[in-house]
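Quick notes on the structure that follows.
The values are calculated or read from the model by the stated rules, or taken from the named source; none is laboratory data. None of these values were measured; they are calculated from a predicted model. Neighbour counts are summed over all protein chains in view; Cβ atoms, including those assigned to glycine, are modelled from backbone coordinates with ideal geometry.
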Amino acid sequence: MNYQDDLLNDFASDDESENEVDDVEVGEVVIEEAEEFIKNEQSLEDEIQSIVNSSISIQDHLQQLDIDKVSDISKHLKIFNIIPQLKQRLSTFDEETSDFLKLISNSDYDNDEFIFFQTANQLINIIDQEIECLFKFIRFKYSVVFPELDSIINNPIDYIKIIQIIKQDLINIKHYEDQFHFLNKDKILVLIMSGLQNVKKQFVLNDEDFNQILVNCGKVNELIEISDILSKFIQRKLADLTPNLNKLIGPITTSQLLISCGSLNQLCLTPSCNLPSLGIKQLSSKSKNLTSKNIQMGYIFDNDMIKYLPDNILKSSIRILSGKIILAARIDLSKSCNDGSIGEKFKIEVQEKINKLLTPPESKGDKALAIPSEYKSKKRGGRKIRKLKQKFQLSELAKAQNKVEFGKREDSVINQFGEEVGFGIIKNSSLKKFNINTNTNAKLSKALKSRLENNDNEKSKHLDSFEIETKPKSQSIDDEFGDIILKKSKWVNDTMKK
Amino acid sequence: MGSIFLPHLHTGWHVDQAILSEDDRLVVIRFGRDHEKDCMIVDELLFGIAEKVKNFATIYLCDIDEVPDFNKMYELYDPCTLMFFWRNKHMLCDFGTGNNNKLNFLITDKQELIDILEVIYRGAKKGKGLVMSPKDYNSVRRR
């Protein structure tokens, strides 16, 4: 409760210094107010905690929600009740100039602010869910008016903006063109075209129904606003929590990464290859479609170090940076370097590497061609080529077959194909013993030999199992095909006789 | 642009010296006018291969207006003419065009020119005065 006392003192002292009147009554009133304020705070904390705890049930609830039957969806949303309190709370924390890092180290994460900060982190997720839920509701209601809008605009925020601009006035959609500045040009064109096409099918809602949609749109905007405020708050505080990461990639990217991972602990557990994919805005209708470049445009891509690099080195520089990010995050988790010097060192390292990537390759001039010459190279094959040649050498028998004795008729036979094959001088020199040329024998490499042996072993294994399993089957197959085999053999025998 | 980077021969004496001084390399001289279109194309080509063939050929440019000494002897009337010399001897090459003395048609492929230079160099090394071009340029003949 140190913090609360401090706060009380603070309030009191402020009052004294401003008024310079030591009025006891006023002081008492102030203290009472402060106490009330603290009660409020505690109730807020409890409420947030209850919301956070019941977040799973909310999710389930949202999934089961039958939009048809729900008339007022805001009953199911819990954040709305606490928005003003949240804002108040945030403003108090903003006013304080306390060194956050000190607070953490002193009170061992038990500090009020830190707890609030953690719950705020969780709250953002819940707010996102509620936005989604509201959006579903709005989309369902509005689809009667402009069914195609849903497929043209994927982003809830843009969708709602468009509803607020054009309302039910599809016929005059062209007049609103100037207000669609948050869309890119082709999107606007498609929007107007399909809007004009849908005029015939349009079903005009009555004022009450449409007002409901507009009210919900306003609620979404409110939610977006509060989530913005919360994330900005987190951004500011996280920068102090993670000095190294902060030095490396700046507070914005740090907080984005931390929020998307959930906690520093989770970020450290994430492999670096997954970091670039965090925060990809595929749904945003303003971002141009760059998927063809195969670059993941997440939070890291939006970092100042990466953003302005040319396309060809984007991928590798993102990889370099994300590797260092994980290292810095782990250092921050272990608290081994609280002044962020290692983060700074990493940053310089990454920048050096990127600079290296940016430098154009050294241009090597044309290599001069060799002087053309007619000389044959003196190098012959060597041992390997000689062995290879020996492999395909003619045997002595074949050589003898190729020779013919002068003035004598060579013996010959007619082979199966009706070709005459001469014997050359083989018969004449039959007394001579021909050496068998072992070089030409077929040879197997060691690897092939062992593979063949293995194969044989495996085959025999398979055959064994095959026999055991399908003995009865194989017999039946024999029976079936027995006739055919008999006929075949008969036919073969006939031809043999002929 | 190529004509800026390649060495020019400004007088007849320079041309003689260039041909005489080279002992083991082919001397290629382009006769023509730097500002004419064909010449520009060929100069670009020559500049492109100069570094590659520097081991067996040197390339010079000569303006036929600045040095008219050889115009009659070598019949230099074309906008662009390439001539080859080996140890103060004029090398002939049969391009199939009918004129073996010089390359007076527009050649646009670097590799083709390198091939021609190589063939002439080989022939010159063997002491031949006339070599056959690797490709027949009959179809690109000018006149």
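Name every residue in the stretch A:194-208 that is surrounded by 14 or more Cβ atoms within 10 Å (Cβ to Cβ) and assigned to a helix (DSSP H, G or I), in order of residue number.
Selection gives A:194, A:195, A:196.
Applying the selection to the stretch A:310-336, what residues are part of a loop (DSSP other than H, G, I, E, B) and among the small types (Gly, Ala, Ser)?
Keep residues of the stretch A:310-336 that are part of a loop (DSSP other than H, G, I, E, B), which gives A:310, A:335-336.
Within the stretch A:310-336, just A:336 meets the criteria.
Looking at A:386, A:451, A:380, which one is assigned to a loop (DSSP other than H, G, I, E, B), more than 14 Å from chain B (Cβ to nearest Cβ) and either on the phi > 0 side of the Ramachandran plot or without any contact (Cβ under 8 Å) to a residue 12 or more places away in the chain (or both)? Let's see the steps before the verdict.
Numbers: A:386 fails: assigned to a loop (DSSP other than H, G, I, E, B); A:451 fails: assigned to a loop (DSSP other than H, G, I, E, B).
Residue meeting the stated conditions: A:380.
Quick check on residue B:15: is it of a type in the set (A, V, I, L, M, F, W, C), away from chain A (no Cβ under 14 Å), part of a helix (DSSP H, G or I) and under 14 Å from the mean Cα position of the chain (by Cα)? Working first, answer last.
On the way: of a type in the set (A, V, I, L, M, F, W, C): yes; away from chain A (no Cβ under 14 Å): yes; part of a helix (DSSP H, G or I): yes; under 14 Å from the mean Cα position of the chain (by Cα): yes.
For residue B:15, the condition - of a type in the set (A, V, I, L, M, F, W, C), away from chain A (no Cβ under 14 Å), part of a helix (DSSP H, G or I) and under 14 Å from the mean Cα position of the chain (by Cα) - is met.
Just checking, does the stretch A:170-184 include any residue being farther than 20 Å from residue A:225 by Cβ and touching a residue at least 60 places away in the same chain (Cβ under 8 Å)?
Within the stretch A:170-184 (the criterion being farther than 20 Å from residue A:225 by Cβ and touching a residue at least 60 places away in the same chain (Cβ under 8 Å)), the answer is yes, since at least one residue qualifies.
Would the stretch B:34-51 turn up any residue that is among the β-branched types (Val, Ile, Thr), within 14 Å of chain A (Cβ to nearest Cβ) and out of contact with any helix residue (DSSP H, G or I) (no Cβ under 7 Å at 6 or more places or on another chain)?
Step one: of the stretch B:34-51, the residues among the β-branched types (Val, Ile, Thr) are B:41-42, B:49.
Pick out the ones that are also within 14 Å of chain A (Cβ to nearest Cβ) and you get B:49.
Applying the additional criterion that residues be out of contact with any helix residue (DSSP H, G or I) (no Cβ under 7 Å at 6 or more places or on another chain) yields none.
Scanning the stretch B:34-51 turns up no residue that is among the β-branched types (Val, Ile, Thr), within 14 Å of chain A (Cβ to nearest Cβ) and out of contact with any helix residue (DSSP H, G or I) (no Cβ under 7 Å at 6 or more places or on another chain).
In the stretch A:146-175, what residues are in a helix (DSSP H, G or I), within 35 Å of the chain's Cα centre (by Cα) and not acidic (Asp, Glu)?
Pass one, the stretch A:146-175, residues in a helix (DSSP H, G or I): A:149-152, A:156-166, A:173-175.
With within 35 Å of the chain's Cα centre (by Cα) added as a condition, the list becomes A:149-152, A:156-164.
Those that are in a helix (DSSP H, G or I), within 35 Å of the chain's Cα centre (by Cα) and not acidic (Asp, Glu): A:149, A:151, A:152, A:156, A:157, A:159, A:160, A:161, A:162, A:163, A:164.
Give just the number: which of (1) part of a loop (DSSP other than H, G, I, E, B); (2) more than 23 Å from residue A:243 (Cβ to Cβ); (3) out of contact with any Phe, Trp or Tyr (no Cβ under 8 Å at 6 or more places or on another chain) does residue A:339 not satisfy?
(2)
Between A:250, A:218, A:279, which is in a helix (DSSP H, G or I), surrounded by fewer than 20 Cβ atoms within 10 Å (Cβ to Cβ) and on the phi > 0 side of the Ramachandran plot? Even if it seems obvious, please write down each step before you answer.
Values: A:218 fails: on the phi > 0 side of the Ramachandran plot; A:279 fails: in a helix (DSSP H, G or I).
The unique qualifying residue is A:250.
Take the residues in the stretch B:124-133 that are more than 10 Å from chain A (Cβ to nearest Cβ) and buried (at least 16 other Cβ atoms within 10 Å of the Cβ), then tell me which one is nearest to residue B:96 (Cα to Cα).
Of all residues in the stretch B:124-133, those more than 10 Å from chain A (Cβ to nearest Cβ) come to B:124, B:127-133.
Imposing the further condition that a residue be buried (at least 16 other Cβ atoms within 10 Å of the Cβ) reduces the set to B:124, B:131, B:133.
Working: B:124: 19, B:131: 11, B:133: 8 Å.
Within the stretch B:124-133, the match that is nearest to residue B:96 (Cα to Cα) is B:133.
Among the residues of the stretch B:94-131, write down those that are in contact with a helix residue (DSSP H, G or I) (Cβ under 7 Å, 6 or more places away or on another chain) and farther than 16 Å from residue B:42 by Cβ.
The answer is B:96, B:131.
Quick one: residue B:73 ticks every box in (1) more than 14 Å from chain A (Cβ to nearest Cβ); (2) under 28 Å from residue A:367 (Cβ atoms) except a single one, so which number is it?
(2)
Could you check how many residues of the stretch B:1-17 are under 24 Å from residue B:106 (Cβ atoms) and either among the aromatic types (Phe, Trp, Tyr) or in contact with a Leu (Cβ under 9 Å, 6 or more places away or on another chain) (or both)? Spell out how you get there, then give the answer.
To start, the set of residues in the stretch B:1-17 that are under 24 Å from residue B:106 (Cβ atoms) comprises B:1-9, B:15.
Then keep just the ones that are either among the aromatic types (Phe, Trp, Tyr) or in contact with a Leu (Cβ under 9 Å, 6 or more places away or on another chain) (or both); that gives B:2-3, B:5-9, B:15.
Of the residues in that region, 8 qualify.
So, of the residues in the stretch A:221-231 that are surrounded by 14 or more Cβ atoms within 10 Å (Cβ to Cβ) and either of a type in the set (Lys, Arg) or farther than 17 Å from residue A:162 by Cα (or both), which turns out to be modelled with the lowest pLDDT?
Restricting to residues being surrounded by 14 or more Cβ atoms within 10 Å (Cβ to Cβ) and either of a type in the set (Lys, Arg) or farther than 17 Å from residue A:162 by Cα (or both), the top hit is A:231.
In the stretch A:237-274, how many are more than 19 Å from residue A:304 (Cα to Cα), modelled with pLDDT of 80 or more and hydrophobic (A, V, I, L, M, F, W, C)?
Counting residues in the stretch A:237-274 that are more than 19 Å from residue A:304 (Cα to Cα), modelled with pLDDT of 80 or more and hydrophobic (A, V, I, L, M, F, W, C) gives 6.
What pairs come out if I take residues in the stretch B:55-73 that are under 20 Å from residue B:41 (Cβ atoms) and of a type in the set (Val, Ile, Thr) and pair them with residues that are exposed (fewer than 15 other Cβ atoms within 10 Å of the Cβ) and modelled with pLDDT under 95 whose C-beta lies under 6 Å away, six or more apart or interchain?
B:64/B:71
I'd like the full set of residues that are surrounded by 11 or more Cβ atoms within 10 Å (Cβ to Cβ), within 14 Å of chain B (Cβ to nearest Cβ) and at pLDDT below 85, limited to the stretch A:336-371.
Answer for the stretch A:336-371, where residues must be surrounded by 11 or more Cβ atoms within 10 Å (Cβ to Cβ), within 14 Å of chain B (Cβ to nearest Cβ) and at pLDDT below 85: just A:366.
Scan the stretch A:166-176 and tell me whether some residue there is at pLDDT 75 or above and more than 19 Å from residue A:213 (Cβ to Cβ).
For the stretch A:166-176, residues at pLDDT 75 or above and more than 19 Å from residue A:213 (Cβ to Cβ): present.
Take the stretch B:93-123 and flag every residue that is more than 14 Å from chain A (Cβ to nearest Cβ) and buried (at least 18 other Cβ atoms within 10 Å of the Cβ).
Within the stretch B:93-123, B:93, B:95, B:97, B:99, B:102, B:103, B:104, B:105, B:107 meet the criteria.
Condition check: over 19 Å from residue A:369 (Cβ atoms) and out of contact with any His (no Cβ under 9 Å at 6 or more places or on another chain). Does residue B:8 satisfy that?
On the way: over 19 Å from residue A:369 (Cβ atoms): yes; out of contact with any His (no Cβ under 9 Å at 6 or more places or on another chain): no.
No.
Regarding residue A:153, is this residue crowded, with 18+ Cβ neighbours inside 10 Å and not hydroxyl-bearing (Ser, Thr, Tyr)?
Details: crowded, with 18+ Cβ neighbours inside 10 Å: yes; not hydroxyl-bearing (Ser, Thr, Tyr): yes.
Against the criterion (crowded, with 18+ Cβ neighbours inside 10 Å and not hydroxyl-bearing (Ser, Thr, Tyr)), residue A:153 qualifies.
All but one of (1) away from every other protein chain (no Cβ under 14 Å); (2) out of contact with any Ser or Thr (no Cβ under 9 Å at 6 or more places or on another chain) hold for residue A:299; which doesn't?
Condition (2) is where residue A:299 drops out.
Which one is farthest from residue A:263 (Cα to Cα), of the residues in the stretch A:305-334 that are at pLDDT 85 or above and basic (Lys, Arg)?
A:315
Among the candidates B:136, B:63, single out the residue that is more than 14 Å from every other protein chain (Cβ to nearest Cβ), touching a Gly at 6+ places or on another chain (Cβ under 8 Å), of a type outside the set (A, V, I, L, M, F, W, C) and within 21 Å of residue B:36 (Cβ to Cβ).
Values: B:136 fails: within 21 Å of residue B:36 (Cβ to Cβ).
Sole residue among the options that is more than 14 Å from every other protein chain (Cβ to nearest Cβ), touching a Gly at 6+ places or on another chain (Cβ under 8 Å), of a type outside the set (A, V, I, L, M, F, W, C) and within 21 Å of residue B:36 (Cβ to Cβ): B:63.
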